[in-house]
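Asks: Structure in structure tokens, see below.
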Amino acid sequence: MNTTYQSADFLDIIYQSHHNILLGRWLRPVTEAEARRGYDDLLAAAQPHRARYWLLDIRRRHRSAPATLAWLLGEYYDQLVHALGPPVCLVYFMAPGLREEFMQDGVVPEPASYAGQPFRMNQVITETDAVAWLLGEQKIR
């Protein structure tokens, strides 16, 4: 059963109870303020379910602004673990070009750097790979 949450016009949020996955689909490029609001909305939707496995589709969104990225890495991901309990596993489903940028510029830590941590993150270019990774993480738990 899917539960849909109200959010802004730039983000669809659905909790998929059959997979225990929170799906956030960004629908357009966003400002820094909208990005923070969207991430806050995602956490609010996750809390009633203690949903710790997230799939974020960012194909229609630009890469995060430097200040937003610093907030995610420095505060938000830790906040998720505190609010939902470990492990929190978040996979970004993105366009191949963006994934390539991340691998080349090194601004976003590579997924392997999160192995064994209370917060785990991955980056993939297909939704099938995203779901498979989240389901695999659930089995590890």
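Values quoted throughout were computed directly from the atomic coordinates according to the rules given, and no laboratory measurement underlies them. Just so you know, these numbers come straight off a predicted model, no measurement behind them. All Cβ positions, glycine included, derive from the backbone under ideal geometry; neighbour counts span all protein chains shown.
Asks: Which length gain, in nm to one decimal place, applies between residue 107 and residue 9 when the Cα-Cα distance is subtracted from 0.36 nm times their residue separation?
Replies: Length gained between residue 107 and residue 9: 32.4 nm.
Asks: Can I ask one more? Expressed as a whole number of Å, what is the distance separating the alpha-carbon centroids of the range 106-131 and the range 6-42?
Replies: Using only Cα atoms to place each centre, the spacing works out to 18 Å.
Asks: Ordered by residue, what ³J(HN,Hα) values in Hz, to whole numbers, does the range 39-46 give under the Karplus form 6.51 cos²θ - 1.76 cosθ + 1.60, where θ = phi - 60° and Gly and Pro are x?
Replies: Result, rounded to whole Hz: 5, 5, 4, 4, 5, 4, 6, 6.
Asks: Looking at the square roots a ≥ b ≥ c of the eigenvalues of the Cα gyration tensor of the chain, which shape do they give, rounded for a/c under 1.5, prolate if a/b is larger than b/c, or oblate?
Replies: rounded
Asks: Ordered by residue, what ³J(HN,Hα) values in Hz, to whole numbers, does the range 29-36 give under the Karplus form 6.51 cos²θ - 1.76 cosθ + 1.60, where θ = phi - 60° and Gly and Pro are x?
Replies: x, 10, 7, 4, 5, 5, 4, 5
Asks: Another question, then. Applying 1/(1 + (r/R0)^6) with R0 = 25 Å to the Cβ-Cβ distance of residue 117 and residue 20, what FRET efficiency is obtained, to the nearest 0.05?
Replies: 0.80
Asks: What fraction of the DSSP beta bridges in the chain is antiparallel, stated in percent and rounded to the nearest 5?
Replies: Antiparallel: roughly 40 percent of the beta bridges in the chain.
Asks: Net charge near residue 133, counting Lys/Arg +1 and Asp/Glu -1 over other residues with Cβ under 12 Å of its Cβ?
Replies: -1
Asks: Same structure again: Sorted from fewest to most neighbouring beta carbons within 10 Å, what does the list 19, 62 look like?
Replies: The most exposed by this proxy come first: 62, 19.
Asks: Another question, then. Give a residue-ordered list of calculated ³J(HN,Hα) values for the range 111-125 (Karplus: 6.51 cos²θ - 1.76 cosθ + 1.60, θ = phi - 60°; whole Hz; x for Gly, Pro).
Replies: The phi angles translate into x, 4, 5, 9, 4, x, 8, x, 10, 10, 9, 9, 9, 9, 10 Hz.
Asks: Please report the net charge: other residues with Cβ closer than 10 Å to the Cβ of residue 122, K and R +1, D and E -1.
Replies: -2
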